[in-house]
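> Please find one structure pasted underneath; my questions will follow.
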Amino acid sequence: MTMDDIKDSATSPIIAQSPPPQIGQQNSEGFNLKRAGERLRAAAALYNYTSTDSPGLCAFILTLISYLLIVATFPFSLCLCIKVVQEYERAVIFRLGRLLKGGAKGPGIFFIVPCIDSYRKVDLRTVSFDVPPQEILSLDSVPVSVEAVIYMRVRDATAAETNVEDYSHSTRLLAATTLRNVLGTRNLAEILSERESISATMQSSLDDATDPWGVKVERVEIKDVRLPVQLQRAMAAEAEAAREARAKVIAAEGEQRASRALKEAAEVINESPAALQLRYMQTLNAISAEKNSTIIFPLPIDLLSQYMKNGNSKNGKNVKSKKDLLSDDE
């Protein structure tokens, strides 16, 4: 039976060919559907086997000729057959355009067949690259320019060569697009203060997208955030005003504490009259330490209070006498 016969038999209406279902019969409708599914799976398996594992007669002849040439030119053919890759490299081998079984080869020595085998080296080391500055409009409509750094490495060399044309270039483009998409959902305050969460979100998104390519995104870092000049000036003025307000509040609190301390000191001095004289002497000592020509004579306030009381009493008598004179004239 050929593959075409299997396909025709699998796709043919089996239910229509079978007799009408009756009670107790085994060839019921469900049984026929099950057989049809099995035939379809068998046909698909046969088709996949012939398309992937059977290179054909021409490929078999070319392979045989290549092996004969290797044997005929031995040991000179070893120079073309033996290849070496480093510890951090893997070799993906294609034989007549088809991926060779066994996956990537290396590290160390591996064998290829000249004329029919070709291989590509894939570097497994971590690679870093800069994402170009992206002009982004944040969620609160503020234009910003953001730069980032991406660290990635190849996890599966076979997938990196067969599933994508250029995994490095594709990852760079995807990183730039992901950066714009992620930052477009954040406002300016979040972009400036929550860089770690933004980096983690980008890393998770890039890692999921590049997993079929065999690429592992290890780290994402926001390198720089640039704001327009006018916005920088406005933010600087706002910050300066906030600092001045805080400075005034701190100065007011300091004056309040100083007034309380002076009040307590005045109460202590009031309890001990000798403390005031000691304070006078301390002040004179501090002034005399400086080189100046100022001379201060301390004068007790108690003496002045007596003169002030006498002056007030005299003024009161003069006022009374004037009032008496005015009354006599009347």
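The values are calculated or read from the model by the stated rules, or taken from the named source; none is laboratory data. Computed from a predicted structure; not experimentally measured. Cβ atoms come from the backbone with ideal geometry, glycine included; neighbour counts cover every protein chain shown. Just the protein is used for accessible areas: all its heavy atoms, side chains included, with ligands, DNA and RNA removed. Shrake-Rupley method; radii C 1.70, N 1.55, O 1.52, S 1.80 Å.
> Would you check the accessible area of Ser204, probe 1.4 Å, heavy atoms only, in square angstrom rounded to 10?
Counting only protein heavy atoms, Ser204 exposes about 60 Å² to solvent.
> Which order do Lys263, Lys223, Lys83 take when ranked by solvent-accessible area (1.4 Å probe, heavy atoms of all protein chains), largest first?
Lys263, Lys223, Lys83
> I've got another one for you. How much accessible surface area, in Å² rounded to 10, belongs to the heavy atoms of Arg172 with a 1.4 Å probe?
So the heavy atoms of Arg172 present about 100 Å² to solvent.
> Radius of gyration and Dmax for segment 180-260's Cα atoms, expressed in Å?
21.5, 73
> Ordering Glu89, Glu255 from largest to smallest accessible area (1.4 angstrom probe), what's the sequence? Kindly include the intermediate steps, with their values, before the conclusion.
Numbers: Glu89 30, Glu255 125 Å².
Heavy-atom accessible area, descending, gives Glu255, Glu89.
> Would you tell me the accessible area of Val164, worked out with a 1.4 angstrom probe on the heavy atoms of the protein chains, in Å² to the nearest 10?
Ignoring ligands and nucleic acids, Val164 comes out at about 20 Å².
> Checking a compactness column here: for segment 159-294, what do you get for Rg(Cα) / (2.2 N^0.38 Å), N being the number of residues?
2.30
> Shifting gears a bit: Order the following by accessible area, largest value first: Arg153, Arg180, Arg186. Probe radius 1.4 Å; ligands, DNA and RNA are ignored.
I get Arg180, Arg153, Arg186, largest accessible area first.
> Apply the a/c threshold of 1.5 to the C-alpha gyration tensor of segment 90-204 and tell me whether it is rounded, prolate or oblate.
Verdict is prolate for segment 90-204.
> About the Cα centre, and with charges only on the beta carbon of Lys, Arg (+1) and Asp, Glu (-1), how big is the dipole of segment 172-299? Nearest 20 debye, please. Mind showing how you got there, number by number?
Values: 17 positive and 18 negative charges, 78 e Å.
Magnitude of the dipole: close to 380 debye.
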